[in-house]
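Before any comments, here is the structure.
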Amino acid sequence: MAGFPGTQRLNLSASVETTSSGSGKQVFTTGEAARLCNLSQQTIIRCFDAGRLRGYKVPGSKTRRIPRGELIRFMRSHHMPLDVLGESDTVLLVVEHDLDTVQDIRRVAEVIGGYSVHVATTAYEAGVLTAKLDPQILVINTRLPDLDVLTACRSVRIANGEPGTTVILLANKFRTEEMEECKDVGIKHFLRKPLNDVEFSKVLMAAVNA
């Protein structure tokens, strides 16, 4: 049994491409954020003041500043296009050999929008695609042959750092000790098969908003 081959040795931090409008800016004013989000500046300010869009105020003034990573999180959570920042859709990697489950996941992700879905059917494929794609969300069938799920989850989180990849585990039934071991390495999401569309949608949204 093995985890994802090679993930411990790789630095999987996402690279940021640039475009003319989003450029390589790392900090944005509320006015700039409003234009990128296609919202009014007052809406951005209200989201900032309510804590839904995190940032900081310039010392000695009331001027607000929003870090790039937080703006990306906010835009992804509201399914806004990220091409203005040179970013792409949220990458979702499914490690699953059951076609029906894969189709269910694709359908839910398509309905929500803003996800790029990729599929691996073996532990080896999962390792290769994890290194290549640096997924924000990883959905794993815990009963996949030749996969040590605990080792795989631990290696992905070590490679990506915190918060790293959000891992969602799937199984027809989870053993109590299995869940406790996975929780110890930071896994929070456990879904039973067959998938419930509403439940899976809520978990996907929670992962994006993490």
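Arranged from fewest to most other beta-carbon atoms within 10 Å of their beta carbon, Lys173, Lys132 become Lys173, Lys132.
Gain in length, Asp148 to Lys62, computed as 0.36 nm per residue apart minus the alpha-carbon separation, to one decimal in nm? If you can, show how the numbers build up before the last one.
Working: separation 86, 0.36 × 86 = 30.96 nm, distance 5.10 nm.
Difference between extended and current length: 25.9 nm.
Normalised by residue count, segment 27-85 yields a Cα convex hull volume of 70 Å³ per residue.
Note down the net charge around Tyr56, summing +1 for each Lys or Arg and -1 for each Asp or Glu among other residues with Cβ under 11 Å from its Cβ.
Net charge in that neighbourhood comes out at +3.
The residues Cys47, Cys153, when put in order of fewest to most other Cβ atoms within 10 Å, stand as Cys47, Cys153. Residue exposure proxy: Thr176, Thr43, Thr63, ordered by other Cβ atoms within 10 angstrom of their Cβ from fewest to most, comes out as Thr176, Thr63, Thr43.
All other residues whose Cβ lies under 11 angstrom from that of Val108 are scored, Lys and Arg at +1 and Asp and Glu at -1, for a net of -1. Relative to one another, the C-alpha centroids of segment 77-134 and segment 193-207 are positioned 14 Å apart.
The numbers here are math on the coordinates, done by the rules we state, and not lab data. Values in this document were obtained by computation on a predicted structure and should not be read as measured data. A quick note on method: Cβ atoms are made from the backbone with ideal geometry, for glycine too, and the neighbour counts reach across all protein chains shown.
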